[in-house]
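Remarks on the structure that follows.
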Amino acid sequence: MDDRDAILKKLLSEQRQNFVSDFNYLPRISNKNVLEEFIKNLSINGGTGKYIKRSELNAEIKKILPDSGPVVNLVEDIEIPSTLKVNLSRLYMLKYVKLLIVSGILGVGENGAIWLTENELMDRRMPFITDHIIIIIRRRNVVPDLMEAYKKIELFKTGYGIFIAGPSKTADIEQSLVIGAQGSSTHTVILTD
């Protein structure tokens with residue numbers, strides 16, 4: 001046995017069998033406070049969140065819509081004026097998208113993140129090329145923490161999935177924060193019933 005094999009054998013023999021149980025000491029967000037924690041953490045990340053009844057959704061979206069398009073709406077029951085819609089049959093038009101409206105699958109209270117897959121996004125580039133993003137998610141789909149989220153995510157049902165936790169942010173060595181450099185500059189989450 002060479003040195004490499006000896007090192008690997010030693011590492012394997014000292015691995016813990018059930019490391020997940022070590023995380024039981026972490027404070028848990030109660031289901032009672034999960035929506036408040038979600039909104040608070042989303043705000044810390046630079047996003048905004050609000051509670052809206054599903055019946056008031058179209059009126060709320062109209063308040064947020066930009067004056068000019070193009071807007072990509074991937075949520076069936078949202079009405080967008082035809083003057084703002086983008087023709088998605090021309091893929092080069094994606095670079096001009098100002099606003100993306102999409103449904104989120106799962107929200108995470110501890111960090112304000114939302115799980116999206118390519119089924120919701122139509123094109124995996126969408127959250128990164130738009131100036132603004134609105135994600136609509138049902139309140140019942142917000143879980144306390146990532147441990148619960150990973151139990152519910154079905155990783156092998158789609159080829160792509162991503163957690164998005166706010167607008168794009170980057171900083172340089174001089175600590176200058178730039179918002180929107182690699183993705184949306186605003187991030188709005190609407191929680192519905």
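Given their separation in residues at 0.36 nm each and the Cα-Cα distance between them, TYR96 and ILE179 gain 28.1 nm when the chain is fully extended. Between ALA171, ALA59, ALA113, the residue with the greatest mean-square fluctuation in the GNM of the chain (Cα pairs under 10 Å linked by springs) is ALA171. Set against the 2.2 N^0.38 Å expectation for a compact globular protein, the chain has a Cα radius of gyration ratio of 1.24.
Helical content of the chain, expressed as a calculated mean residue ellipticity at 222 nm, amounts to -6000 deg cm²/dmol (DSSP H runs of 4 or more residues, -39,500 (n - 2.57) each, divided by residue number, nearest 500).
Per-residue extension of 0.36 nm, minus the Cα-Cα distance of ILE64 and ASP2, leaves a gain of 15.9 nm for this segment.
Most simply put, segment 29-192 has about 30% antiparallel DSSP beta bridges, counting only bridges with both residues inside it. Computed over segment 118-169, the Cα gyration tensor eigenvalues convert (square root of 5λ each) into semi-axes of 20, 15, 11 Å, ordered from largest to smallest.
So between ASP77 and ILE162, what do we pick up on full extension, going 0.36 nm a residue minus the alpha carbon distance?
28.2 nm
Every number in this text was worked out from the coordinates using simple rules, so none of it is lab data. Because the structure is a prediction, the values reported are computed rather than measured.
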